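Notes to accompany the following structure.
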Amino acid sequence: MSTVDSLGSTPEPAKKSPIGTLVNLGLIALAFGLLAVVVNQNRAKILEVFSRKLDLRLLLVGIAIFQLSVMLTFVRWYALVRVIEPRFTLRSTFLLGFIGYVFNLVIPGAVGGDLIKAAYLVRMHIRKTQAVASMVIDRILGLLGLFVLASIAGVAAWGMATPAVQRLILAAWVATAAGLLLLAAIFGRLFTRLLPASMQPHHGKLGTIFSELNTMASTYRSRLGVVLLALGMSVVGHSINVFAFYLMGRMLFPEMTTTLGQHFLMGPLTLFTMAVPLPFGALGLSEGVADQLLGLVGHPSGALAMMAFRILMYSCGLTGALVYLANLKEVRGLTAAAHEIEHELIEGDLEDEAPAPA
């Protein structure tokens, strides 16, 4: 019996909204449209790259270290979940991590991978608010790690940066400070004190948001060591991604003069764009942003490097797809449960009860 299967019966899958389907199709069309624009703008460089032999050893190394980075994000979430459920296992972590990765990256229009993981935790009889809170803090720390990495690189690069790059460094510092202040406000329960009426049960969407923040504060404020560890793991994971991005640039452009240090400055800002809710990891948008940002430090083509980086992403997605197919029946049950949580979040009526033990 698989780990997922042991958690209970499979509910009926939720019906998809026609409007939601149209929106998803529109987003897919937008993503491929943006990619087509970038490809057209870089067609000469693409032909140049394919006119010479590439060092595929760099691609293999990139795949290996990117996979390591992805698995590090799974372990980061594992550390956060263990705070609320000590029985949670690494096996379940990696199983759900790969399935969630597939949902987030290669299944456009599907329920988010984070909600799949939250549904699993709820079936372990964890309260829904705590399950969602573990997803929220993991996302916050993941994004904050990007800005911390860019800020550190900015300190080292400030003296040699152009005015345009210095403005980006300042933006990264502001984003890092804002993220840290947000965490301090959450753990200090500032929102609860300022807006106590919004914390009442069933108080709409705003009440649901502040209830989640309050639950996150209650759960993790006494375990700040775990939070700092997760933030450190986020910075390390993003550092690995930036190095993989650099290797892809080296593979495509052996004579590239853009240094690894410059990649550590621009790479996090480029990778941040993948958080934009467009299909396939913000396909097309990230390529365009990479071209602009890395162009500021003399990169031959940030867009092509980002396209090569996607090979690493989808190679990891292949691993996730195999895990997904091996657990297809059980995943369908989690998908239906995830849709229920998604609906409750949208309606601002997230039930705070765990399901009764079977």
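When LEU80 is tested against (1) out of contact with any Gly (no Cβ under 6 Å at 6 or more places or on another chain); (2) surrounded by fewer than 21 Cβ atoms within 10 Å (Cβ to Cβ), exactly one condition is not met: (2). State whether the residues of region 332-341 include one that is under 19 Å from PHE98 (Cα atoms), β-branched (Val, Ile, Thr) and either exposed (fewer than 15 other Cβ atoms within 10 Å of the Cβ) or at pLDDT below 80 (or both). Yes, region 332-341 contains a residue that is under 19 Å from PHE98 (Cα atoms), β-branched (Val, Ile, Thr) and either exposed (fewer than 15 other Cβ atoms within 10 Å of the Cβ) or at pLDDT below 80 (or both). Only one of the listed residues (SER69, SER92) is farther than 17 Å from TYR314 by Cβ and open to solvent by less than 90 Å² (accessible area, probe 1.4 Å). That residue is SER92. Comparison of LEU206, LEU182 shows that the only residue that is at pLDDT below 80 and open to solvent by 60 Å² or more (accessible area, probe 1.4 Å) is LEU206.
Within region 55-87, the set of residues being part of a loop (DSSP other than H, G, I, E, B) and at pLDDT 90 or above comprises ASP55 only.
Just one of (1) part of a helix (DSSP H, G or I); (2) open to solvent by less than 40 Å² (accessible area, probe 1.4 Å) fails for LYS45. It is (2).
Which members of region 301-317 meet the condition of being hydrophobic (A, V, I, L, M, F, W, C), within 19 Å of ILE240 (Cβ to Cβ) and open to solvent by 40 Å² or more (accessible area, probe 1.4 Å)? The answer is ILE311, and nothing else. Restricting attention to region 342-355 and to residues that are open to solvent by 20 Å² or more (accessible area, probe 1.4 Å) and in contact with a His (Cβ under 8 Å, 6 or more places away or on another chain), the residue that is modelled with the highest pLDDT turns out to be ASP349. Of the residues screened, PHE272 is not one that is at pLDDT 90 or above, under 21 Å from VAL155 (Cβ atoms), open to solvent by 30 Å² or more (accessible area, probe 1.4 Å) and assigned to a helix (DSSP H, G or I).
On the basis of being within 21 Å of the chain's Cα centre (by Cα) and open to solvent by less than 10 Å² (accessible area, probe 1.4 Å), does LEU121 make the cut? Answer is yes for this residue.
The values are calculated or read from the model by the stated rules, or taken from the named source; none is laboratory data. Note that the coordinates shown come from a computational prediction; the quantities given were computed from them, not determined experimentally. Reconstructed Cβ throughout: ideal geometry from the backbone, glycine too, with neighbour counts over all protein chains shown. Surface areas here come from the heavy atoms of the whole protein model, side chains and all, with no ligands, DNA or RNA. Shrake-Rupley method; radii C 1.70, N 1.55, O 1.52, S 1.80 Å.
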